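Single-structure report; data block below.
The values are calculated or read from the model by the stated rules, or taken from the named source; none is laboratory data. No experiment lies behind these values; they were computed from the predicted model shown. All Cβ positions, even for glycine, are placed from backbone atoms using ideal geometry, and neighbour counts span all protein chains on display. Ligands, DNA and RNA are stripped out before the accessible areas are found, and what is left, the full protein with its side chains, is counted by its heavy atoms. Shrake-Rupley method; radii C 1.70, N 1.55, O 1.52, S 1.80 Å.
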Amino acid sequence: MPVKKAHPEADDPHGDAAAADGSDLAEREGRWNYALVGSDLGVWDHNYRLDRKYYSPTWKTMRGMAPDEEVAGDYDAWLQLVHPDDRDFIAHAIDRQNAGDPDYQIFEYRERHRDGHWIWIECRGACVEWDEAGVPTRVVGTDTDITARKQAEETLSRLSRRLDLALEISRIGVFEADIEEDMVEWDDRLIAIYGLKGAARRIAGDVWAKSLHPDDRERVLGLADRSVESGSDFQQEYRIIRGDGLERVIRARSAFFIDGNGHRKLIGANWDVTEEVRLRDELQRAKDLAEARNHELEAAKESIEHLALHDYLTGLPNGRYLDKMLDDRSAECRAKGLALAILHIDLDRFKQINDTLGHRAGDAMLKHAAGVLRNSVRAADFVARIGGDEFVILCAVDAASKKIASLAERVIRELRKPVRYEGHDCRFGASIGIAVDSGPKLDAKQILLDADIALYRAKGLGRNRFEFFSASDRRDVVSAKQLADEILIGLERNEFVPFYQLQFDARTLDVAGVETLARWQHPVHGLLTPDRFLAIAEDLDVVSTIDALILERALADRSAWIKDGLSVPKISVNVSARRIADPDLGKKLRALKIPPGSISFELLESISLDDCDEAVAANLKKLRKFGIDIQIDDFGTGHASIVSLLRLSPKTLKIDRELIRMLPQSAEQRKLVGSIIDIGRSLDILVIAEGVETAEHVRILEELDCDMLQGYALARPMPAMQIPSFIRAGSWRHRQTAARALQTQLRRALRSRAAK
């Protein structure tokens, strides 16, 4: 039996070193294990000599497996988990990796995660053991989940493609200047804009200076020098003399930056705005009108959030508390002989703040509004937030009190004041509906409904105001409710039918197309136009349904005309904003099997075309794929800008009838319409004038070189069955011929009278 040694270190001179080696080895092994786990590397080890395979917990976890789960299945089973597009490559890559090919030590592929989605794997492996014949017997490596990196690369690539496409579509030229070397690198678009055919992309800085118009050179160079000295952005509009001698107007924007080598550089963009400048003065009035209407439409977009059970944001009582207070205040007013006044308040333009500055800004505005309301009422009054941007005030007052109107005025005045938030002035207002009642039969819930009706009326009259409830308001609401019910029944009974108004070539008066118009064949009131039902239909969210029904009927009528031997070049149908944003629109249109080139969709210009969201942009792309043309309706009264026309590239635009109406009496109106026609021609867009009511309209629009005409002077809207006989009769030609003859006689008579 060995004797225990008191100090083994003294008896064994190698004991300390051996212990240290074992400790160091364990420490290094532990350190590598920690490093592998921390680095998200999945380790695998294929030992073919021992027929043993090892997969680390991280390797399993990235594939959705449990860390202690056994890896089942053979090579062929695993290969089925590889993306079909990568399968052949992977089989080849693994063979080469096992053979020790250095070109295949690293490769990437997609593999199905256990949850069903695809993940990207970066495989790194190498052969570490061979047998006597040089055949690999052991391959070791790591797998890394690079899905996030691949997604980031794809996003970056997509953004780059979008930017290049945007520059190409908008015809913007880009340059980068090295301030110290006085050299500028121009892209091909910029070289084309300046007419420098054959010029090198990297040129001296004075080339741009020499191209400046002599009258603008001193001003622009002075501004450029000051911009360089101060390092401020350069934004200017100036004239140039192109390499081919043409004079053009350029808009330029540029900014300074420091590159990786510490050099000061200037990057900027130029685009040719000659046509825009020429039209700017003539279109200014139209632009101001469009912008004013645009602001009105933006204000009208506000929507009310759903009622919340608990208002955690403002600390005000919520809707449930309001229900209790309605009963309590009703009893109090009945007992004391007081009147109960309810103010229903809705914030105006609140949605725009949320959309532009974010929900944190919106929350700040709601807190501000709650504070304004608290400070505006008496201690005995009750204030509640009942929805997203809706508030209610309960006041017990004398029946003859005029203080309620003063309170409403004070609330509106205070809420209109700008609120500073993170460097922005946030502006919003309020619409208020007021209802007051008293007496032994006082019903607070009915008063609240009446206040809501009055609020609806205040918003309808322009917002940012207050209105008191009246009995006529309730009758209007009841009437609207009845009309809404009749619309839903009318949809079930197929009472909505298409009418058609023909469009004519402005030069030949040949039939060039037909617009489809929705009509309601009401069983009691007869044929109704959209102005009688469209607003209620929008509230019901059935405009898209009506659009779809009219489109199907129009396609059927077109087929019937073709069988009857009648050729109508194209049918246009109106499309609402909600339908064009419908994510299922492509699927619905594909089911209709629309012949390419037979249909065009008219988009109201009131639909904002400058900031289309992804769903709208995708649907517009699908329309072109299906061979459906795009028209801009009511041009000159809504959102569309020159940039949106460039981006959307519609086939046709229609000038709104309000711009056509005064053509015979207004020279300014004729100039404006002529400018719009010129815009269309410069962008290769056909122009239709609607609202052509007289022969004089026809004559003027023909002189202005308009492409197509639509209006009562040529044809009124009519049902499908009347179209063939109307076209064959050609009566519009006879009317125009007679009208022109009469105009000629009148002009001759006037000249004769003037001569006498």
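Provide the three semi-axes, in whole Å and in decreasing order, of the ellipsoid equivalent to the chain as defined by the square roots of 5 times the Cα gyration tensor eigenvalues.
Values: eigenvalues 793, 403, 220 Å².
Result for the chain: semi-axes of 63, 45, 33 Å.
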_Local net charge near R320, Cβ-Cβ under 13 Å (Lys/Arg +1, Asp/Glu -1)_ = -1
*Determine the shape class of segment 627-720: with a ≥ b ≥ c the square roots of the Cα gyration tensor eigenvalues, call it rounded for a/c under 1.5, and otherwise prolate if a/b is greater than b/c, oblate otherwise.*
oblate
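If you take the square roots of the eigenvalues of the alpha-carbon gyration tensor of segment 188-259 and sort them as a ≥ b ≥ c, do you get rounded (a/c under 1.5), prolate (a/b over b/c) or oblate?
Oblate shape, in that a/c is at least 1.5 and b/c is the bigger or equal ratio.
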_Cross-link partners of K351 among lysines (Cα-Cα below 20 Å; sequence separation of 8 or more within a chain)_ = K301, K367, K417, K459
*In straight Cα distance, which aspartates and glutamates are under 16 Å from K622, not counting same-chain residues fewer than 8 positions off?*
D582, D584, E602, D613, E614
*With a 1.4 Å probe and every protein chain left in place, work out the accessible area per residue of the chain in Å², rounded to a whole number.*
56 Å²
*Most to least packed among 520-528, 447-455 [average Cβ atoms within 10 Å]*: 447-455, 520-528
*Under 26 Å from the Cα of K197, which lysines turn up, not counting those fewer than eight places away in the same chain?*
K210, K265
*Shape call for segment 75-144 from the C-alpha gyration tensor, a ≥ b ≥ c root eigenvalues: rounded (a/c under 1.5), prolate (a/b greater than b/c) or oblate?*
prolate
*Does anyone have the angle between helix 543-563 and the longest principal axis of the chain? Alpha-carbon axes, 0 to 90°, nearest 10?*
70 degrees
_Quick one: 3J(HN,Hα) in Hz for segment 414-420, Karplus 6.51/-1.76/1.60 with θ = phi - 60°, rounded, Gly and Pro as x._
6, 6, 6, 5, x, 10, 7
*So how much accessible area does V128 have, in Å² to the nearest 10, using a 1.4 Å probe?*
80 Å²
*Karplus 3J(HN,Hα) series, Hz, for segment 375-386 with 6.51 cos²θ - 1.76 cosθ + 1.60 (x for Gly, Pro)*: 6, 8, 9, 7, 4, 7, 6, 10, 10, 9, 9, 10
*Check G387: other-chain or 5+ apart residues with amide H under 5 Å from its amide H, H built from backbone geometry?*
A308
*For the pair L488 and D88, how long in nm is the line joining their label points, each one 7 Å along Cα→Cβ?*
5.8 nm
*May I ask for the angle, rounded to the nearest 10°, between helix 319-336 and the longest principal axis of the chain, with both axes built from Cα atoms and the value confined to 0 to 90°?*
50 degrees
